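Novice: Sharing a structure, written as structure tokens. Questions coming.
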Amino acid sequence: MASQPVRNTGFEPVIVAPRKEKLQQKIEEVCAATVRAWSGEKGFEYRGRQPEVNGRPAGIRAPHLRTDPNEDDFTSCRGAADGIALRLKHSDVHLHRRLMPESPVGQMIFELLEQLRVEKLVEQCYPGMAKNLDHRYKQWCAQFCASDMIESHVGLLVYTIAQVAWSRLSGQPVNEATEGLIEPQRMMLAPHIGTFLVGLKRNVHHQPSYAEHALGIVQVIDEIATKLDKPEDDNKDRDQKTINSFGLYFDEDFEGHGDTPALPGRRNNRIEYRELVAQLAGYKVYSRANDRVISAEKLVASFQRQKLRLKLDQRIKGQGVNVHRLARELQQILSAPERDGWNFGEEEGYIDARRLSRLVTSPDYRQLFRQERYQPRSHCLVTFLVDNSGSMKEHIASIATLIEIMTRALEQAGARSEILGFTTRSWQGGKLFKQWRGRAGHEAPGRLAELQHIIYKDADTPMKRARNHIAAMLKQDIFKEGIDGEALLWATERMNNRTEERRILIVLSDGCPMEAATAQSNDDDFLDNHLRQVARMIEARGDIELYALGFGLDLSTYYRNSLELDLPEVLENRVFKEIIQMLRKRR
């Protein structure tokens with residue numbers, strides 16, 4: 001909702017500054033403060049009339065939350081702000097995104113029903129908020145009816161669902177002015193969606209169950225819309241216009257934006273993701289009883305870590321890498337501009353009312369304006385996932401050096417970093433394999449190894465405190481066998497629990513997954529196929545950027561974004577430029 005800057009072209013234009021834009025700015029500041037207070041999202045603000053959190057779209061696309069201060073009254077603006085606050089507080093955005101239907105009409109309805117759910121959760125001790133929400137919703141309904149969208153099949157279906165669902169959740173009657181208009185639609189829909197409406201009301205406090213019933217309604221509407229969508233139908237163009245109008249509320253962080261509510265490529269990714277999740281359900285694990293996640297400090301004695309630290313320090317000293325330059329380059333590709341206050345005394349921008357009095361004594365004074373100040377901020381997490389299988393021993397000294405230099409540069413660039421490793425606790429299945437054979441092992445038991453996932457550095461630990469833990473990576477007897485697919489799932493689960501806006505996972509490996517007991521007891525390519533499916537699932541989901549660095553092997557058969565590296569004894573800036581180029585290419 002940010003207004004355009006006012007350019008200073010003379011004395012008189014300054015005096016008659018556009019009040020509408022100043023009012024709009026004031027309204028959006030007040031509403032943003034309300035959202036921050038209610039939701040606890042300190043990074044929330046409006047920009048271009050769109051809600052943003054930490055400089056990125058908030059992903060809230062319910063049509064009645066979009067207001068125009070030139071047309072809507074202040075109560076409507078406050079009602080929309082209250083609705084956004086409730087959405088940020090009570091809705092799981094990742095669950096909502098994952099369950100989002102494929103059809104444009106289905107997306108409209110699913111988004112609207114989720115917003116109605118959170119608005120139902122306003123507490124009774126806040127009657128003012130309830131009044132604002134009620135006012136805003138009714139005003140939007142009036143605006144929707146006044147437009148020509150109500151004349152199309154899609155528009156009438158959406159409006160009918162909006163009225164019926166809102167009435168069922170709020171306990172209020174439908175809009176009296178349009179009750180006769182929607183009555184035929186309501187009678188037609190009642191036998192098909194009645195059970196789902198009851199389910200909505202019963203599950204307003206449980207989003208997953210509520211979403212199931214919402215998707216049931218979406219399925220019914222999709223079937224009806226498909227039957228109505230005939231080439232000879234005069235309303236077809238009007239239906240598409242309605243869809244495009246709703247598409248204005250779809251931001252680029254989700255499946256659609258602009259004039260196309262669902263981009264075909266993104267839709268295919270969503271379908272692929274669901275298919276891959278179903279395939280991964282067939283991956284079997286004989287037992288997880290002996291799996292463990294362990295800190296590196298518990299694997300290597302203190303005196304050994306100190307020796308390994310000295311060895312790694314000596315190696316790093318001999319590298320010809322400019323870490324400060326690397327940090328600047330990383331900051332350029334990982335950071336995003338974030339509002340950081342105002343610059344005052346400018347000759348153009350927004351009028352600063354505190355300086356207008358200077359015009360009385362100095363008519364030629366022109367430093368009456370202020371401009372928004374932005375600073376780059378790296379709201380980013382980079383996780384390095386290191387293959388600790390036996391074949392990596394010959395590369396590990398160079399890899400540890402590479403990771404430490406990258407981690408230092410990331411810290412200087414303001415980004416968080418995490419270093420993880422994966423291997424097995426023993427060779428050839430260990431106790432688990434013996435246990436399986438002792439029970440006259442059945443065919444295809446699934447994964448038989450005992451996993452060992454290692455934390456060398458977590459995201460909240462600064463580099464200075466993690467130095468000795470990182471050096472533990474050089475201990476040779478840690479390296480055994482590798483189950484790459486499950487390690488990827490573990491790393492992404494850790495990343496999903498973080499709050500950083502951008503999340504990057506870099507896998508460092510020299511080959512395919514290999515664990516002797518599992519490979520001998522299952523179908524060919526059992527672990528290979530699992531790794532491919534996991535990597536494709538992460539790439540299709542899109543919330544984590546997945547990259548791979550291969551050492552002595554091209555990993556492009558497993559990962560879409562990969563780079564084959566031949567690490568010299570002495571690392572050069574060239575190696576890091578190749579990595580940065582890989583990150584730029586994806587971005």
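Novice: Would you point out the residue of the range 159-193, among those that are among the small types (G, A, S) and over 18 Å from A225 (Cα atoms), that is nearest to the chain's Cα centre (by Cα)? Spell out the reasoning first.
Specialist: Just the residues of the range 159-193 that are among the small types (G, A, S), to begin with: 162, 165, 167, 170-171, 177, 180, 190.
In the following step, the residues that additionally are over 18 Å from A225 (Cα atoms) were identified as 165, 167, 170-171, 177, 180.
Numbers: A165: 28, S167: 32, S170: 31, G171: 35, A177: 41, G180: 42 Å.
Ranking the qualifying residues of the range 159-193, first place goes to A165.
Novice: Step by step: first the residues of the range 195-211, then only those that are assigned to a helix (DSSP H, G or I) and among the β-branched types (V, I, T), then the one that is farthest from L121 (Cα to Cα). Which residue is that?
Specialist: Going through the range 195-211, the residues assigned to a helix (DSSP H, G or I) turn out to be 195-202, 207-211.
Of the ones still in play, those that are also among the β-branched types (V, I, T) are 195, 198.
Values: T195: 21, V198: 17 Å.
It comes out as T195.
Novice: Looking at the range 304-334, which of its residues are among the β-branched types (V, I, T) and in a strand (DSSP E or B)? Please lay out each step first, then the result.
Specialist: Initially, the range 304-334 is screened for residues among the β-branched types (V, I, T), giving 316, 321, 323, 333.
None; the set is empty.
Novice: Yes or no: E418 among the acidic types (D, E) and without any contact (Cβ under 8 Å) to a residue 40 or more places away in the chain?
Specialist: On the way: among the acidic types (D, E): yes; without any contact (Cβ under 8 Å) to a residue 40 or more places away in the chain: no.
Here the answer is no, as E418 does not meet what is asked.
Novice: For the range 323-379, give me each residue that is touching a Gly at 6+ places or on another chain (Cβ under 6 Å), at pLDDT 80 or above and open to solvent by less than 30 Å² (accessible area, probe 1.4 Å). Let's see the steps before the verdict.
Specialist: Step one: list which residues in the range 323-379 are touching a Gly at 6+ places or on another chain (Cβ under 6 Å), which gives 336, 338, 367, 369-371, 373, 378.
Checking the rest, the ones that are also at pLDDT 80 or above come to 367, 369-371.
F369, the sole residue that qualifies.
Novice: Let me ask you something else. If I filter the range 272-279 for residues that are among the aliphatic types (A, V, I, L, M), surrounded by fewer than 16 Cβ atoms within 10 Å (Cβ to Cβ), at pLDDT 60 or above and assigned to a helix (DSSP H, G or I), do I get at least one hit?
Specialist: Going through the range 272-279, the residues among the aliphatic types (A, V, I, L, M) turn out to be 276-278.
Cutting the leftovers down to surrounded by fewer than 16 Cβ atoms within 10 Å (Cβ to Cβ) gives us 277-278.
Then drop every residue that is not at pLDDT 60 or above, which leaves 277-278.
From what's left, assigned to a helix (DSSP H, G or I): 277-278.
Within the range 272-279, one or more residues are among the aliphatic types (A, V, I, L, M), surrounded by fewer than 16 Cβ atoms within 10 Å (Cβ to Cβ), at pLDDT 60 or above and assigned to a helix (DSSP H, G or I).
Novice: Could I ask something else about it? Checking L385 against (1) over 27 Å from E572 (Cα atoms); (2) open to solvent by less than 10 Å² (accessible area, probe 1.4 Å); (3) touching a helix residue (DSSP H, G or I) at 6+ places or on another chain (Cβ under 8 Å), only one condition comes out false. Which one?
Specialist: Result: L385 passes all but (1).
Novice: Any residue that is among the acidic types (D, E), within 22 Å of N132 (Cβ to Cβ) and at pLDDT below 85 - is there at least one of those in the range 5-18? Spell out the reasoning first.
Specialist: Keep residues of the range 5-18 that are among the acidic types (D, E), which gives 12.
Retained after the next criterion (residues that are within 22 Å of N132 (Cβ to Cβ)): none.
No; the residues of the range 5-18 include none that is among the acidic types (D, E), within 22 Å of N132 (Cβ to Cβ) and at pLDDT below 85.
Novice: What strands (runs of 3 or more DSSP E), lying completely within the range 336-384, carry at least 1 residues that are within 30 Å of R408 (Cβ to Cβ)? Even if it seems obvious, please write down each step before you answer.
Specialist: Numbers: elements: 336-346, 348-351, 369-377.
In the range 336-384, the matching strands (runs of 3 or more DSSP E) lie at 336-346, 369-377.
Novice: Let me ask you something else. Evaluate the range 520-533: report whether one residue or more is hydroxyl-bearing (S, T, Y) and closer than 29 Å to R328 by Cβ.
Specialist: Step one: of the range 520-533, the residues hydroxyl-bearing (S, T, Y) are 521.
Adding the requirement that they be closer than 29 Å to R328 by Cβ leaves none.
No; the residues of the range 520-533 include none that is hydroxyl-bearing (S, T, Y) and closer than 29 Å to R328 by Cβ.
Novice: How about the range 99-130: which of its residues are among the charged types (D, E, K, R) and either within 19 Å of V220 (Cβ to Cβ) or in contact (Cβ under 8 Å) with a residue 12 or more places away in the chain (or both)? Even if it seems obvious, please write down each step before you answer.
Specialist: Applying the first criterion (among the charged types (D, E, K, R)) to the range 99-130 yields 102, 111, 114, 117, 119-120, 123.
E102, E111, E114, R117, E119, K120, listed by residue number.
The values are calculated or read from the model by the stated rules, or taken from the named source; none is laboratory data. These figures come from a predicted structure and were not determined experimentally. Reconstructed Cβ throughout: ideal geometry from the backbone, glycine too, with neighbour counts over all protein chains shown. With ligands, DNA and RNA removed, areas are computed over all heavy atoms of the protein, side chains included. Shrake-Rupley method; radii C 1.70, N 1.55, O 1.52, S 1.80 Å.
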